[in-house]
Protein chains: 2
Amino acid sequence: MFSFTITHQETNCNARTGIIQTSHGSLKTPAFIPVATQATIKALSSEQLGEIGFEAALCNTYHLYLQPGENIVEKCGGLHGFMNFNKPLFTDSGGFQVFSLNNLFCKVDDDKVTFTSHIDNSKHIFTPEKSMQIQRKLGADMIFAFDQCLDINADYETTKKSLERTHEWELRSLKEFQKLNKDKKQALYGIVQGGRFTELREESAKYIASLPFDGMSIGSIFGDPKEESKNLVEHAIQFLPHDKPLHMLGIGSVDDLFTYVELGADTFDCVLPTRLARMGYAFIGPESGGNIQNKFRMKITKATYKEDLSPLDKNCTCSVCTNYSNAYLYHLYKAKELLFYSLMTFHNLHFFARLMEEIRQSIESDTFKELKKKWIN
Amino acid sequence: MFSFTITHQETNCNARTGIIQTSHGSLKTPAFIPVATQATIKALSSEQLGEIGFEAALCNTYHLYLQPGENIVEKCGGLHGFMNFNKPLFTDSGGFQVFSLNNLFCKVDDDKVTFTSHIDNSKHIFTPEKSMQIQRKLGADMIFAFDQCLDINADYETTKKSLERTHEWELRSLKEFQKLNKDKKQALYGIVQGGRFTELREESAKYIASLPFDGMSIGSIFGDPKEESKNLVEHAIQFLPHDKPLHMLGIGSVDDLFTYVELGADTFDCVLPTRLARMGYAFIGPESGGNIQNKFRMKITKATYKEDLSPLDKNCTCSVCTNYSNAYLYHLYKAKELLFYSLMTFHNLHFFARLMEEIRQSIESDTFKELKKKWIN
């Protein structure tokens, strides 16, 4: 049910357009995948997400395992039925949250992770097999192998030890996945780890590339420092199979999208546009004053917008910019109105949908580098 | 710009259908008017309100005066422009909130009310003239005279004294309104008060009827005790002009809608469907188990819905009931997701829109009493 077709290779760099085909429809790449942590893009319905033009979303296994539980989601027809989203869905493996959320307790053994729930401190165990079983029940089209997300600043020895464990876990993930996925409903992505060490990233890329994963991904690249992150990814990518889709985990700033699309990445997920929306940051394009310095953002909660009749972005065609003034949005924020979160999220996701559309078009016309220059001077 | 036309008089009771015409379009009556306190129906956009089929909304003058202030709203094209709602709008006079909100301080003199803001305790003064000036700037199509909302349980002497003051304030409201409204853009509604005393309600109805208000309304009828409230309204209505629209302030329970439509009321505003939605109550019709005992409500936050694949109301055609299960809504509630408030509000307002449509159709076919019997046994 899963396939990836490269539809155009940019002539001036490694950027490419493609189509990921799943049993829930197709996805044009490069694509930004908004994060629906608890089976909802916070403050937006699935219908609104479709209205914006999003073709996919990524849900978090850790959260859904704890609440409502994978069995209930399965009973409701999997995530597609549960959240009424009949388009391609991703789930992550739960690994990142187990290590990154502020859990009371998290103990890593070679064969498993024992952790406490951030909701009620109850104790749970994740293994690679368990992660696969949960993700099977959640029913996303594209799922991820279970890995250990290490502090990017860990030393060489710690990183090397963690990488060996991660590789073992990914192999166990793959074996369990192959047992569960006889109907070929889902696709499994392997994850390249290796911290900040080029050598370990290379080792990881070669190992993941050697296994029959459907897709590749690169984890624990947090974008900073920019140059170091880019070099790590650039080095690793050359050892990954060119014909498999490449996902960048947790990447989503505007400049990072340009950087990694240029290197050949196909999909990205990040909470940035939705989380920043709820904090009052609106994304704006270069024609409207967005640039690398202001991170393509303006903050609507500033008092200067109190009487401002302009929209968030005068060049934006979304229904928020068409219908509502900054004065209204500022008022909703001050008045603590729920609509504030919906409107801001709608605008930001619209911004990312249009940006990716523009990027895809530029690749198809071999003008990606010009577009990048227009955005990132 | 304002007119009211009775399109059909029920042959078996005083219920009637009509059309209120304003400079922002028309409104079919009897109509339920959802409350957009701070220029937003909490958790829904104006576009979603239109999608449900609502033709009007009511905003609160007190709240908008304090935040963002009537001058900013005016600058943004009045409430219609500010909240992007190009349909008939009402504003109340601010009177109710001045007296009912938990303000630190509220002092009533014969000529004015001095009160503190519930936001920052700053001191403010409302007079009938001031209320008219604010409502003019807010720019709603239908506005209300400034009155004193007394405790419904106040004794006869207190109520009589308050009623005299209210009548004086309403006359002052009318005079100021006539000065401001030379362009006939707005319509002013007078308010019948008089507490729980039939004699005072009659006196008030006669007085309000004698003044050239565009519409009539009845205030401080809180629906309980049901029989006493109904008798007060039934008595007062006979002294009100039949050819002017009659608004019931703050009325919105299902049985009250039937009761007062039957007596000849045309419009109703109430926070009930929206506030209850946010608390987890969904309205359900008689075919789905709704009745006078359960107040036509079910509570989705009960654990019994945890794995329930049914929609809120199996006979409801709204996009929430079509697309989402109770298990999903229960999950959104437990996960404290913002989407919960939007979906629940959407369903409840859809319920009220359809109920009023059914009521209008029954009046037109002279079967209102049968419909009432079907709902209220």
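Readers should treat all values here as calculations from the given coordinates under stated rules, not as data from a laboratory. Keep in mind that what you see is a predicted model, and the values were worked out from it rather than measured. Backbone-built Cβ (ideal geometry, glycine too); neighbour counts: all protein chains shown.
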| To the nearest 20 debye, what charge dipole does the range B:236-286 have about its Cα centre, counting +1 at the Cβ of each Lys and Arg and -1 at the Cβ of each Asp and Glu? | 260
| Structure-based [θ]222 nm, the protein assembly as shown - -39500 (n - 2.57) summed over DSSP H runs of at least 4, per residue, nearest 500 | -12500 deg cm²/dmol
| query | Do any trypsin sites (Lys or Arg not before Pro) in the range B:335-372 lie in a DSSP loop with no more than 12 other beta carbon atoms within 10 Å, and if so, which? | reply | B:336
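What FRET efficiency comes out for the pair residue A:124/residue A:71, r = Cβ-Cβ distance, R0 = 22 Å, nearest 0.05? Write down the numbers at each step before the final one.
Numbers: r = 15 Å, r/R0 = 0.66.
Taking R0 as 22 Å, the efficiency between residue A:124 and residue A:71 is 0.90.
For residue B:156 and residue B:292, compute 0.36 nm times the residue count separating them, minus their Cα-Cα distance, and round to one decimal in nm. Mind dumping the intermediate values first?
On the way: separation 136, 0.36 × 136 = 48.96 nm, distance 3.23 nm.
Contour length minus Cα-Cα distance gives 45.7 nm.
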| message | Taking C-beta distances below 4.7 angstrom as the pairing criterion, name the unpartnered cysteines of chain A, in sequence order. | response | A:13, A:59, A:76, A:106, A:149, A:270, A:318
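Can you tally the net charge around residue B:300? Count Lys and Arg as +1, Asp and Glu as -1, for every other residue whose Cβ sits under 12 Å from the Cβ of residue B:300. It would help to have the intermediate numbers written out before the result.
Numbers: positive: B:278, B:297, B:299, B:302, B:306, B:334; negative: B:308, B:313.
Within the 12 Å Cβ shell, the charges total +4.
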| message | Over all directions, the average projected area of the alpha-carbon convex hull for the range A:3-270 comes to how many nm²? | response | 13.3
| said: Only sites in a loop by DSSP and with at most 16 other Cβ atoms within 10 Å count here; which trypsin sites (Lys or Arg not before Pro) in the range B:87-196 make the cut? | reply: B:112, B:182, B:184
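If you take the beta carbon distance between residue A:271 and residue A:184 as r and set R0 to 41 Å, what does 1/(1 + (r/R0)^6) give as a FRET efficiency, to the nearest 0.05?
Working: r = 30 Å, r/R0 = 0.74.
That pair, residue A:271 with residue A:184, gives E of 0.85.
Per residue and in cubic angstrom, what volume does the convex hull of the Cα atoms of the range B:242-331 have?
For the range B:242-331, the hull spanned by Cα atoms encloses 108 Å³ per residue.
Report, in order of residue number, the helices in chain A meeting two criteria: a C-alpha extent of 30 Å or more along the helix axis, and a mean Kyte-Doolittle hydropathy of at least -1.0; treat each whole DSSP H run as one helix.
Numbers: long enough: A:156-180 (35 Å, -1.47); A:338-364 (40 Å, 0.31).
Helix filter hits for chain A: A:338-364.
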| In whole Å, how far is the Cα centre of the range B:304-377 from that of the range A:191-211? | 53
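Can you sort A:255, A:109 by how many other beta carbons sit within 10 Å, fewest first?
Details: A:255 15, A:109 10.
Ascending Cβ contact count within 10 Å gives the list A:109, A:255.
I'd like the chymotrypsin sites (Phe, Trp or Tyr not before Pro) in the range A:208-262 restricted to DSSP loop residues with at most 16 other Cβ atoms within 10 Å, sorted by number. Don't skip to the end; give the middle numbers.
Working: sites: A:213, A:222, A:239, A:258, A:260; in loops: A:213, A:222, A:239.
Of the chymotrypsin sites (Phe, Trp or Tyr not before Pro), the ones in loops of the range A:208-262 whose Cβ has at most 16 other Cβ atoms within 10 Å are A:222.
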| note | Rounded to the angstrom and largest first, Cα extents along the principal axes for the protein assembly as shown equal 91, 54, 45
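What value does the range A:152-243 have for Rg/Rh, both radii from Cα atoms and Rh as Kirkwood defines it?
Details: Rg = 13.7 Å, Rh = 13.7 Å.
A ratio of 1.00.
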| said: Within 14 Å, Cβ to Cβ, of residue B:46, how many net charges do the neighbouring residues add up to if Lys/Arg are +1 and Asp/Glu are -1? | reply: -2
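Please arrange A:169, B:375 by how many other C-beta atoms lie within 10 Å of their C-beta, fewest to most.
Ascending number of Cβ neighbours within 10 Å: B:375, A:169.
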| said: Among A:92, A:147, A:110, which one shows the highest mean-square fluctuation when chain A is modelled as a Gaussian network with alpha-carbon springs under 10 Å? | reply: A:110
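Per residue Cα convex hull volume for the range B:118-183, in cubic angstrom?
Output value, Cα hull per residue: 116 Å³.
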| request: Return a whole-number percent for the relative contact order of chain B, with Cα pairs under 8 Å and 6 or more residues apart as the contact set. | output: 18
| message | What are the extents of the Cα atoms of the range A:265-306 along their three principal axes, in Å, largest first? | response | 40, 23, 14
| query | If you place +1 on the Cβ of every Lys and Arg and -1 on the Cβ of every Asp and Glu, how big does the dipole about the Cα centre of chain B come out, in debye to the nearest 20? | reply | 780
| query | What does the charge count near residue B:376 come to, summing +1 for each Lys or Arg and -1 for each Asp or Glu among other residues with Cβ under 15 Å from its Cβ? | reply | +1
| query | So, in nm, how far is label residue B:306 from label residue B:11 when the simple model puts each one 7 Å beyond its Cα toward the Cβ? | reply | 5.6
| remark: Assertion target for B:91, A:127, ordered by fewest C-beta neighbours within 10 angstrom first, is A:127, B:91
| Rounded FRET efficiency, nearest 0.05, which uses the C-beta distance separating residue B:23 from residue A:317 and R0 of 25 Å | 0.30
| Mind checking which of B:285, B:139, B:94 has the largest fluctuation in a GNM of chain B, springs on alpha carbons under 10 Å? | B:285
| said: For a quick check, take a GNM of chain B with Cα springs below 10 Å and name the residue from B:31, B:15, B:335 with the largest mean-square fluctuation. | reply: B:335
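In whole Å and largest first, what semi-axes does the C-alpha gyration tensor of the range B:278-375 yield when each eigenvalue is scaled by 5 and square-rooted? Could you put the intermediate results ahead of the total?
Details: eigenvalues 149, 35, 22 Å².
Semi-axes (√(5λ), whole Å): 27, 13, 10.
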